[in-house]
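Each remark here refers to the structure printed beneath this line.
Every read-out reported here was derived from the displayed coordinates using simple, explicitly stated rules and does not represent laboratory data. Note that the structure is a prediction, hence the values are computed from the model and not measured. For neighbour counting, all protein chains shown are included, and Cβ atoms are generated from backbone atoms with ideal geometry for every residue, glycine included.
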Amino acid sequence: MTTYKQVDESCFALYDQVPQRLMVHSVYQLERPNRGLGGIHLVEAPVSTPWLKDFCVGEDESVSRWKDRWDLANWAFFMAFDGDKPVGAATIASRTEGVNMLEGRDGLAVLWDLRVHDDHKQQGIGQMLFDMAKGWSRAQDLAQLKIECQNTNVPAVNFYHKQGGTLGKIDEYAYYTQPEYRHETQLIWYLSL
């Protein structure tokens with residue numbers, strides 16, 4: 001039976017045990033009729049060779065290091081457990097100096113992270129964690145939730161759309177300085193709370 005709870009920094013080592021990876025079988029390609037004057041269409045297309053995208057590669061991606069970069073006083077952390085085993089986690093960031101994703105807006109929260117262990121996907125864990133994060137944000141009188149994902153993460157795109165998110169920004173060049181991610185397009189969703 002899966003249990004859920006809000007956690008603090010003392011659980012960061014457990015949080016780091018939840019992998020955040022995805023087998024990419026398809027991507028959302030951008031089509032621009034009339035070079036964009038006809039709008040931008042996202043069209044799902046299969047990839048020729050599926051690949052594993054691991055979001056948590058390297059020591060710099062450790063959740064434990066977040067406290068070294070930012071003041072986490074206005075952040076919330078949620079975890080899912082199967083017995084004692086951590087199987088899911090989510091983080092919400094708000095009202096934090098130096099976090100560009102917050103756009104300097106007091107009423108904005110960012111879904112900083114949402115992950116579910118490979119063996120526990122498609123069991124509603126991500127939905128429950130998302131709902132907890134959204135509920136916490138509402139309780140903090142935050143008006144809007146901002147969510148970043150990439151065109152290579154089709155399940156995430158579909159999930160955030162299903163949650164009622166509106167695609168507010170598409171940036172083909174957001175990862176241009178990162179050669180391993182240069183081919184990806186940043187998608188920013190907004191959800192009114």
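In whole Å, what are the extents of region 1-143 along the principal axes defined by its C-alpha atoms, from largest to smallest?
51, 37, 28
Measuring from label point to label point, each 7 Å out along Cα→Cβ, what is the L52 to H25 span in nm?
Distance between the two pseudo-spin positions: 1.7 nm.
Under 5 Å between amide H atoms, partner at least 5 residues away or on a different chain: which partners does T185 have, H built in plane at 1.01 Å?
Excluding prolines and chain starts, which carry no amide H, the hits are N151, T152.
Work out the length of the dipole vector of the chain about its Cα centre, built from +1 on the beta-carbon of each Lys and Arg and -1 on the beta-carbon of each Asp and Glu, and round it to the nearest 20 debye.
On the way: 19 positive and 26 negative charges, 118 e Å.
Dipole about the Cα centre, nearest 20: 560 debye.
Cβ under 12 Å from Q140's Cβ, Q140 left aside: what net charge do those residues give with Lys, Arg +1 and Asp, Glu -1?
Within the 12 Å Cβ shell, the charges total +1.
Can you pull out the trypsin sites (Lys or Arg not before Pro) in region 92-132 whose DSSP state is coil and whose Cβ has at most 15 other Cβ atoms within 10 Å?
R105, K121
From the phi angles alone, apply the Karplus equation (6.51, -1.76, 1.60; θ = phi - 60°) to region 104-118 and give each ³J(HN,Hα) in whole Hz, x where the residue is Gly or Pro.
For region 104-118, the Karplus curve yields x, 9, 5, x, 9, 10, 10, 6, 6, 7, 8, 9, 9, 4, 3 Hz.
Please list, in order along region 158-165, the HN-Hα scalar couplings obtained from phi with the Karplus expression 6.51 cos²θ - 1.76 cosθ + 1.60 (θ = phi - 60°), rounded to whole Hz, x for Gly and Pro.
My calculation for region 158-165 gives 5, 5, 5, 5, 4, 6, x, x Hz in order.
Between G124 and residues 5 or more places away or on another chain, which pairs have amide H atoms under 5 Å apart, with H built 1.01 Å from N, and which residues are they?
Those qualifying (amide H under 5 Å, at least 5 residues apart or on another chain) number zero.
Measure nothing but the geometry: give the 0 to 90° angle between the long axis through the Cα atoms of 125-139 and the longest principal axis through the Cα atoms of the chain, rounded to 10°.
80
With both bridge residues required to lie in the chain, what share of the DSSP beta bridges run antiparallel, to the nearest 5%?
90
For Cα pairs less than 8 Å apart in space and 6+ apart in sequence, what is the mean separation divided by the residue count of the chain, i.e. the relative contact order in percent? Each step should come with its number before you reach the end.
Values: 358 pairs, mean separation 36.7, N = 193.
Computed value for the chain: 19 percent relative contact order.
Loop only by DSSP, 13 or fewer other Cβ within 10 Å of the Cβ. Give me the trypsin sites (Lys or Arg not before Pro) in region 142-193 that pass, ordered by residue number.
Listed in order of number, the matching sites are R182.
Loop-only GluC sites (Glu not before Pro) in region 18-104, please: DSSP not H, G, I, E or B, and at most 14 other Cβ atoms within 10 Å.
Taking region 18-104 and a limit of 14 other Cβ atoms within 10 Å, the loop GluC sites (Glu not before Pro) found are E97, E103.
Report D for region 7-67 in µm² per second (integer): Stokes-Einstein, Kirkwood Rh on Cα pairs, 37 °C, 0.692 mPa s.
My calculation gives 222 µm²/s for D.
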